[in-house]
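J.: Provided herewith is a single structure, encoded as structure tokens, for subsequent inquiry.
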Amino acid sequence: VERFPFLDPPDRRAVSDGITLLQELGAFDKDATFTDMGRRLAALPVDPRIGRMIVQAEREGCVREVLIIAAALSIPDPRERPSDQEEQARQKHARFADEHSDFVTYLNLWTYLREQRRELSGNQFRRMCREEFLHYLRVREWQDLAGQLRSIARDLGIVEQREPAAPDRIHAALLAGLLSHVGLPDAD
């Protein structure tokens, strides 16, 4: 922050918060200098927290799953909940729910969409999305972004595993980007 004396106090605070975040993610060292992790994160066109999840996914053996989740977290939720049909939408979306993880719910939805996309024509898929309260354009955006992230990760040498990953490995990778969001139980 000392490097930016020309900034107004609110801007200095934002820079300080940004540096703190990048240090938390391992992108900056204690002197606010880029690390190897920082260079890898800079190559990923997503929020640095999400990028950190992707880099950690390689170590955890869950790249395929984390790329799908990272893309989902980077766009508006493709599940629609119209106020006049909220209960019907909730019922349609419930079949994707995982009782232990909202992140695995995204993977369940992704698998379903992939299967439907293979079986249905373009118009049928679009109609299915509408009938099942899924925003077609957001679904397409999700698919496109996941593909782009897969390509960029491959260029960075981040390799997808062949076997499905265990949920605990997926969550370990996701936590790498959410360290300051982890809560502690109350001592009381």
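The values are calculated or read from the model by the stated rules, or taken from the named source; none is laboratory data. What you are looking at is a predicted structure, and each value in this text was computed from that prediction instead of being measured. As a convention, Cβ positions derive from the backbone with ideal geometry for all residues, glycine included, and neighbour counts pool all protein chains shown. In case anyone asks, the SASA skips ligands and DNA or RNA and just uses the protein heavy atoms, side chains included. Shrake-Rupley method; radii C 1.70, N 1.55, O 1.52, S 1.80 Å.
J.: Take Lys92 and decide whether it is surrounded by fewer than 19 Cβ atoms within 10 Å (Cβ to Cβ) and touching a strand residue (DSSP E or B) at 6+ places or on another chain (Cβ under 9 Å).
T.: Judged against the criteria, Lys92 is a match.
Every residue, every condition in (1) of a type in the set (S, T, N, Q); (2) more than 30 Å from Arg127 (Cβ to Cβ), yes or no:
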| residue | (1), (2) |
| --- | --- |
| Thr20 | yes, yes |
| Pro48 | no, yes |
| Met53 | no, yes |
| Gln56 | yes, yes |
| Pro76 | no, no |
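J.: Here's something else I'd like to know. Do we have any residue at all in the stretch 50-73 that's touching an Asp or Glu at 6+ places or on another chain (Cβ under 7 Å) and assigned to a loop (DSSP other than H, G, I, E, B)?
T.: No.
J.: For residues in the stretch 151-174 being closer than 14 Å to Gly51 by Cβ and part of a helix (DSSP H, G or I), which is most open to solvent (accessible area, probe 1.4 Å)? Spell out how you get there, then give the answer.
T.: Here is the first cut: in the stretch 151-174, the residues closer than 14 Å to Gly51 by Cβ are 152-153, 155-156, 158, 173-174.
Restricting the remaining residues to those that are part of a helix (DSSP H, G or I) gives 152-153, 155, 173-174.
Numbers: Ile152: 45, Ala153: 0, Asp155: 128, Ala173: 0, Leu174: 3 Å².
Residue satisfying both the conditions and the ranking: Asp155.
J.: Could you tell me whether Arg127 is open to solvent by 90 Å² or more (accessible area, probe 1.4 Å), more than 28 Å from Arg49 (Cα to Cα) and modelled with pLDDT of 95 or more? So that I can check it myself, show each step before the final result.
T.: Numbers: open to solvent by 90 Å² or more (accessible area, probe 1.4 Å): yes; more than 28 Å from Arg49 (Cα to Cα): yes; modelled with pLDDT of 95 or more: yes.
When the stated conditions are applied, Arg127 passes them.
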